[in-house]
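The values are calculated or read from the model by the stated rules, or taken from the named source; none is laboratory data. In this text, all values refer to a predicted model and were calculated from it rather than measured experimentally. Note that we place each Cβ from the backbone using ideal geometry, even for glycine, and neighbour counts take in every protein chain shown.
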Amino acid sequence: MTALEKLYTAVASGKHVCVGLDTDIKKIPPHLFKTNNPVIEFSKIVIENTVEGAAAYKINFAFYEKDGTRGFENLHKTLEMIPKNILTIADAKRGDIGNTSEMYAQSIFGHFNFDSVTLHPYMGYDSIEPFIKYKDKLNFILALTSNKGSADFEKQKLSNGKFLYQSVIQKVNEWNTSKNCGIVFGATNSLELKENIESFGDLAILLPGIGAQGGSLDDVVSTFKASSNNNYLINVSRALLYCDLSVEFGGVINRTLAELNNSIRTIERKS
């Protein structure tokens, strides 16, 4: 299956939650420190208890890279635990030029064999092109992010009257000739989402910011329900991973994800 086929299969079955594996060793349940590899044990339990309800898994490279060789070993092991029919996203936010970008693309799609990646477009098309050449993959390009600092650049108005993030969305649509591009659009930007959703076309959309960052699930789901685009993934990380610290945390995560999926279905029916 291509990355896009995995996404289509998930959303067609009503799954829109992307489980963000931002595994912070300081936040995992204390009893796991008695195991040989707390990070892998934690990831194993999380995946086992979310695999039926997850549309995708997003692995944040920073939480693994910081541990050097052992961290990359854990990244490989985590990937191996995710079923091959579920979309995987490398949250690496790459973006460079020339041979550097080529090497980054080979790392993400060749070595690690992720289905998709997050990229930033600041350096233009030639920084994105090496990733786009992998036609069976997906590239989520940062448009409007969920952090407060997004106003520093992304919300700056250009001389043509458009905001910078709107220009990015337009460019990504132009680059999407192989139907392997998408955007990252922060769920904390409810008003901007409603105002710009028709410009998304059929792009795949990754939405961080629900839960700990304050984004509204109701706003996101109802906005997409009213549009022609159903190719959206709502990323949930901290609110799901660390919702319980007891020895029964896996079951709590399972129920929390089930409740989240039920909430999405309820909002869709009402919209």
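The figures follow:
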item	result
Filter pass, Asp218 being of a type outside the set (S, T, N, Q) and more than 20 Å from the chain's Cα centre (by Cα)	no
Residues located in the stretch 134-176, provided they are assigned to a loop (DSSP other than H, G, I, E, B), farther than 21 Å from Gly201 by Cβ and out of contact with any helix residue (DSSP H, G or I) (no Cβ under 7 Å at 6 or more places or on another chain)	Ser146, Asn147, Lys148, Gly149, Ser159
Hits in the stretch 27-58 (condition: surrounded by fewer than 16 Cβ atoms within 10 Å (Cβ to Cβ) and either touching a residue at least 60 places away in the same chain (Cβ under 8 Å) or among the acidic types (Asp, Glu) (or both))	Lys27, Pro30, His31, Glu48, Glu52
Residue, farthest from the chain's Cα centre (by Cα), within the stretch 1-33, restricted to residues that are in a helix (DSSP H, G or I) and among the aliphatic types (A, V, I, L, M)	Leu32
Tally, over the stretch 118-133, of residues that are over 21 Å from Thr188 (Cα atoms) and in contact with a helix residue (DSSP H, G or I) (Cβ under 7 Å, 6 or more places away or on another chain)	6
Selected residue [in contact with a Pro (Cβ under 9 Å, 6 or more places away or on another chain) and either without any contact (Cβ under 8 Å) to a residue 60 or more places away in the chain or farther than 25 Å from Ile264 by Cβ (or both)] from Gly20, Gly95, Gly68	Gly95
Single condition Asn36 does not satisfy, out of (1) closer than 19 Å to Ala239 by Cβ; (2) modelled with pLDDT of 95 or more; (3) in a loop (DSSP other than H, G, I, E, B); (4) over 19 Å from the mean Cα position of the chain (by Cα)	(1)
